[in-house]
Amino acid sequence: MSHITIQGGTRLEGTLAVQGAKNSVLPILAASILHPGRTVLRGCPHLSDVEASIRILRHLGCRADWEGEELVIDAGDLSRWDVPDHLMREMRSSVVFLGSILARMGWAELSHPGGCELGPRPIDLHLSVLRQLGADIREEGGCLRCTGQHLEGREITLSMPSVGATENAILAACGAQGETVLLNAAREPEIADLQEFLCGMGCRVKGAGSSTICVQGRQPTRDVCHTVMPDRIVAATYLAAAAAAGGEIELTRVHHSHLSTVTAALHTAGCQIYSGAGRIVLRSEGRLRSIGTVRTAPYPGFPTDAQAVVMAALLRSQGATVFVENIFENRYRHVDELCRMGADIRVADRVAVVTGVPALYGAQVRCTDLRGGAALLVAGLAARGETQIGDIFHIQRGYQDPVGDLRKLGAEIQIS
Ligand code: UD1
């Protein structure tokens, strides 16, 4: 089993281009089957979750191959409409294939994605929007059997702005007759990227990025070449790392407006931050100030995916910061690992109180989930001595080359 080993205490300096966004590319890969032709993706990150999606695409009958740095998909010969259990289990977000398989084939059969390390992950909203479009969905023995040969567009109000349910609704609505209007849709930038991709294919989708999205159902007509948007959570991770370790880094290939709540928090903590077109510069002395209360919320609020890395940046701050996790029930599993490094964090239900300590110490720790693993990287860089991080497959689900990236910034870090 691989480990990441960090000798902490080195300031980070340098420039880094941010990888393409995992949360954007996964729904785009699902969307690629809507058109019986070619999709070329640029800036597609090399991640285990992307490889899992490629296995699903191949199972469905698509060609999907890396050609240099481009991922090329040909969905001309799509022949199946099922995603078997072992492929569903590899990646929970494969549930987004439900909408696209249904739109293209009129049937879909998936095993239930089940819970995950963040707690229960219900899909009731996904199923509700598809049913409202006319799909018949039966849940039998852990399997979802969906029929939807005559989906019909209509007005649908989401009871909460779920990212995945919004994406599934858009994908299914592309295959429906007439217009679908989604109200209280999630506003995450990754949904706007999905819209751009779909419009490139000839679908008619507008409004993504706002809470009202309109989809005019029609068969897409064009091959498409799309560049995946930059990953705002990977960017947040490296900003948090420099904030914690001290130094000055520049991130390029980044949309600073997508990161405004994270940069505002790090600025309040004492970092100097400059942003311009496609870049963010962060300068930090390493010891930060506490920042009051951080509440996670749907976009444009503070992202739940950045909670763990910003928490890790504040472990040596002066004073106490309160985190309130409003999106997922079980998103503090990294806390015990951070405490092994000397952090002072108290958790009660959805609230975590971080009281800054003078120093963190290297330790043997394990990733509990993707962003919790990233938090261990951040803490390890700021700690005295050696940190050894195990179960790094969690990190590899979302970070293309964290060790290479951090080495470029001068960190003493290796994978073995
Ligand atoms: C997506 C992101 C994930 C991020 C999350 C919140 C991808 C691949 N993943 O996940 O990284 O942390 O958005 O920004 O893009 N819910 C229900 N019923 C449903 C669906 C969701 O109750 O049918 C609840 C969830 O349990 C959770 C909340 O809604 O409490 C938000 O979930 P959602 O926005 O759907 O997150 P994901 O799309 O799963």
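The values are calculated or read from the model by the stated rules, or taken from the named source; none is laboratory data. Keep in mind that this is a model prediction, so the values were computed, not measured. Cβ sites come from the backbone with ideal geometry, for glycine too, and all protein chains shown count toward neighbours. Surface accessibility is based on the protein's heavy atoms, side chains included, excluding ligands, DNA and RNA. Shrake-Rupley method; radii C 1.70, N 1.55, O 1.52, S 1.80 Å.
Simple spin-label estimate for residue 140 and residue 107 gives 1.2 nm between the two label positions (7 Å along the Cα-to-Cβ direction from each Cα). Could you list the residues of the stretch 401-416 with an amide nitrogen less than 16 Å from a label point located 7 Å from the Cα of residue 364 in the Cα-to-C-beta direction? The answer is 416, whose backbone nitrogens lie closer than 16 Å to the label point. Taking amide H atoms as placed 1.01 Å from N in the peptide plane, the amide H of residue 326 lies under 5 Å from those of 296, each 5 or more residues away in sequence or on another chain. The charge dipole of the chain, taken about its Cα centre with unit charges on the Cβ of Lys, Arg, Asp and Glu (plus for the first two, minus for the last two), comes to roughly 640 debye.
In the chain, the DSSP beta bridges split such that about 70 percent are antiparallel, to the nearest 5. Amide H contacts under 5 Å for residue 364: 388, restricted to partners 5 or more places along the chain or on a different chain, H placed in the peptide plane at 1.01 Å from N. Farthest towards the positive end of the charge dipole of the chain, among the residues 195, 411, 286, is the Cα of 286, using unit charges on the Cβ of Lys, Arg, Asp and Glu. Comparing 75, 277, 235 in a Gaussian network model of the chain, where Cα atoms under 10 Å apart are tied by springs, the biggest mean-square fluctuation is seen for 277. On a per residue basis, the stretch 62-136 carries 41 Å² of accessible surface, using protein heavy atoms and a 1.4 Å probe. DSSP beta bridges fully contained in the stretch 271-416 are about 60 percent antiparallel.
Only protein atoms count toward the accessible area here, which uses a 1.4 Å probe; on the chain, the carbon and sulfur part of that area reaches 46 percent.
Scaling the Cα radius of gyration of the chain by the globular reference 2.2 N^0.38 Å produces a ratio of 0.98. By DSSP, the beta bridges lying fully in the stretch 22-227 are antiparallel in about 70 percent of cases. Distances between placed amide hydrogens fall under 5 Å for residue 15 paired with 250, all partners being 5 or more residues away or on another chain. The listed residues 160, 1, 88 rank as 1, 160, 88 when sorted by accessible area, largest first, using a 1.4 Å probe. Taken as Cα centroids, the stretch 104-182 and the stretch 393-416 sit 36 Å apart, rounded to the nearest whole angstrom. For the chain, the longest principal axis of the Cα atoms and the long axis of helix 370-382 meet at an angle of about 20 degrees. With θ taken as phi - 60° and the Karplus curve 6.51 cos²θ - 1.76 cosθ + 1.60 applied, the whole-hertz 3J(HN,Hα) list for the stretch 327-341 is 9, 10, 6, 10, 10, 10, 6, 6, 4, 4, 5, 5, 5, 4, 8 Hz, x standing for glycine and proline.
Here residue 216 and residue 184 are evaluated by their C-beta separation; at R0 = 30 Å the FRET efficiency comes out at 0.90.
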